[in-house]
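See below for the structure under consideration.
The values are calculated or read from the model by the stated rules, or taken from the named source; none is laboratory data. None of the values given here were measured: they were computed from a predicted structure. Note: ideal-geometry Cβ built from the backbone for every residue, glycine included; neighbour counts use all protein chains shown.
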Amino acid sequence: MRRTVLRAVSLSVFLATALIPACKSAAPPPKRAAARRLVLVSHDGVGADLAWGWLADGVAAEPDGISSMVAKGFAARRVRMVDPTLTAVNHISLATGAEPGTTGIVCNYFHMVDRPIGEGISGFSAPIHAETLWQAARRQGKRVGVLTWPGADGTSAARRGDFGLIWPSRPLVRSAILELDPAAAGHRSALPSADGVEPLVWTVSVELGRAKPSSIPVTLTVVDGTDDGVAAYDTAAVTLPGDSAPKILDRNGWFAAST
């Protein structure tokens, strides 16, 4: 009810003001403060000497990459790591500010005292006994993205952000090379093809292993997308279930499939 009243009052003030003859220009609206964001990046296995050497030598000089983050943000000259200096152990300590004895993550693979002898657990999927940065931020009403950080595997609300990419424990399926036979391709395409080149279209079943469903149909299309007088296949596109139109793929690009 209160929200409705406030909206009505605001509208009334606007209308009353609009009826007054303008005698001076309206004051400019106040500038909105830019949203404050925090980005934490860790490059697994990259030592401090190597990282700072890349920056000094110009190897990591991309304007939208790590050099820009160092110039505009905060970068530690060296981080004192916990022992053992393993990926799961240190990334969970970085995310919690707690030592392995508190987090419970003491190795990349280890035995828990309440498990049968000979049965181990991955440090990337073991329970974390301390609050992580993403949990603390979400608890305080912040929107958090977590991209491939150890411990954020999406298996529970405590182990994921509001968006992002999960840390992969193992791939759904083994990687493979897909060979497409032009002789088996169709030619009806939603994408135009230039220079008299006939489109090539294949619909294949992509296996997703233990996911549900275990496979999805994917339509792959190649055309001549450049009207330059040179007959050549230079554009590839993919169409997934539910797509209204093909999606153009970048060279050496990839696409995400959801189930």
Among (1) in a helix (DSSP H, G or I); (2) surrounded by 11 or more Cβ atoms within 10 Å (Cβ to Cβ), where does MET81 come up short? (1)
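A quick yes/no check of all residues on (1) out of contact with any His (no Cβ under 9 Å at 6 or more places or on another chain); (2) surrounded by 12 or more Cβ atoms within 10 Å (Cβ to Cβ); (3) not in a loop (DSSP other than H, G, I, E, B):
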{"site": "TRP149", "(1), (2), (3)": "no, yes, no"}
{"site": "GLY154", "(1), (2), (3)": "yes, yes, no"}
{"site": "VAL173", "(1), (2), (3)": "yes, yes, no"}
{"site": "LEU178", "(1), (2), (3)": "yes, no, no"}
{"site": "ARG210", "(1), (2), (3)": "yes, no, no"}
{"site": "ILE216", "(1), (2), (3)": "yes, yes, yes"}
{"site": "THR226", "(1), (2), (3)": "yes, yes, no"}
{"site": "VAL238", "(1), (2), (3)": "yes, yes, yes"}
Selection from segment 134-144 of residues that are under 20 Å from ALA88 (Cα atoms) and either among the polar types (S, T, N, Q) or modelled with pLDDT under 95 (or both): GLN135
Working only within segment 95-119, note down all residues that are among the aliphatic types (A, V, I, L, M) and modelled with pLDDT of 95 or more. ALA95, ALA98, ILE105, VAL106
Is there a residue in segment 159-171 that is closer than 25 Å to MET112 by Cβ, touching a strand residue (DSSP E or B) at 6+ places or on another chain (Cβ under 8 Å) and in contact (Cβ under 8 Å) with a residue 40 or more places away in the chain? yes
Tell me yes or no: at least one residue of segment 125-136 is free of Cβ contacts under 8 Å to residues at least 24 places away in the same chain and at positive phi. no
Does SER175 qualify as being outside the structural domain of SER244 (by TED's automatic domain parsing) and over 14 Å from LEU240 (Cβ atoms)? yes
